[in-house]
1. Return the residue satisfying two criteria in turn: it lies in region 100-123 and is free of Cβ contacts under 8 Å to residues at least 60 places away in the same chain and among the acidic types (Asp, Glu), and of such residues it is farthest from Arg149 (Cα to Cα).
2. Name the single residue, out of those in region 104-133 being part of a strand (DSSP E or B) and under 11 Å from the mean Cα position of the chain (by Cα), that is surrounded by the most Cβ atoms within 10 Å (Cβ to Cβ).
3. Just name the residue that is nearest to Gln126 (Cα to Cα) out of those in region 13-38 that are modelled with pLDDT of 95 or more and assigned to a loop (DSSP other than H, G, I, E, B).
4. Among Phe10, Phe82, which is part of a strand (DSSP E or B), under 26 Å from Pro144 (Cβ atoms) and either in contact (Cβ under 8 Å) with a residue 40 or more places away in the chain or out of contact with any Leu (no Cβ under 8 Å at 6 or more places or on another chain) (or both)?
5. Which count do you get for residues in region 39-68 that are modelled with pLDDT of 90 or more and not β-branched (Val, Ile, Thr)?
6. Looking only at region 2-12, which residues are modelled with pLDDT of 95 or more and hydrophobic (A, V, I, L, M, F, W, C)?
7. With respect to Asp26, is the statement that it is in contact (Cβ under 8 Å) with a residue 40 or more places away in the chain and in contact with an Asp or Glu (Cβ under 6 Å, 6 or more places away or on another chain) true?
8. Quick test for you: out of Leu119, Leu83, pick the one residue that is touching a His at 6+ places or on another chain (Cβ under 8 Å) and over 23 Å from Lys23 (Cβ atoms).
Amino acid sequence: MRTNVYVDGFNLYYGAVKGTRYKWLDIRRCCELTFPRNEIHEIHYCTAIVKDAPWDPHRSTRQRTFIRALETTGVEVHYGSFLSNVVRMPLANPGRRQPRTVEVIKTEEKGSDVALGALLVAHGYQGRYDAAIVVSNDSDLVLPIRIVR
């Protein structure tokens, strides 16, 4: 059965990799072992390039290295964007003499979950797969998954 795999890169990283000693995952091989009756046809990895930070000036370099390695296994990468803004947010438990809000750096990944959902629906409509595997825990993908089902 021709099977396409759609991976939410940030969800995979923050849900299964960050904080572990594991820094590499051969997505194709993992899917072949997990779904031995399926022919893994296409793998689409949706992500955004993180921005470097003063406390970690090389994180975008590490991510780009990881993505180049993924591409050597036939994974097609689709990019959203990564935004950082200074915003004022409320403190959870301000003291009596503390301000109620503070300025924080808010980072958001934009567009990669939309790309994943759009690819899933478009490829289904085009007949590019018989089955699809979605690697994510993002509830924003519920509707595209319902559509293709």
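The values are calculated or read from the model by the stated rules, or taken from the named source; none is laboratory data. This structure is a prediction, so every number in the text was calculated from the model and none was measured. Don't worry about glycine lacking a Cβ; one is built from the backbone with ideal geometry, like all the others, and counts go over all protein chains shown.
1. So in region 100-123, the residues free of Cβ contacts under 8 Å to residues at least 60 places away in the same chain come out as 100-108, 114, 117-118, 121-122.
With the extra rule that they be among the acidic types (Asp, Glu), the set shrinks to 103, 108.
Working: Glu103: 43, Glu108: 29 Å.
Taking the candidates together, the pick is Glu103.
2. We begin by selecting, within region 104-133, every residue part of a strand (DSSP E or B); these are 104-110, 131-133.
Next cut, under 11 Å from the mean Cα position of the chain (by Cα) only: 109-110.
Working: Glu109: 20, Lys110: 11.
Taking the candidates together, the pick is Glu109.
3. My answer is Asn38.
4. Within the list Phe10, Phe82, the selection yields Phe82.
5. Counting residues in region 39-68 that are modelled with pLDDT of 90 or more and not β-branched (Val, Ile, Thr) gives 11.
6. Looking only at region 2-12, we keep the residues that are modelled with pLDDT of 95 or more, and these are 2-8.
Residues satisfying the conditions are Val5, Val7.
7. Working: in contact (Cβ under 8 Å) with a residue 40 or more places away in the chain: yes; in contact with an Asp or Glu (Cβ under 6 Å, 6 or more places away or on another chain): no.
Considered against the rule, which asks whether it is in contact (Cβ under 8 Å) with a residue 40 or more places away in the chain and in contact with an Asp or Glu (Cβ under 6 Å, 6 or more places away or on another chain), Asp26 comes out as no.
8. Leu119
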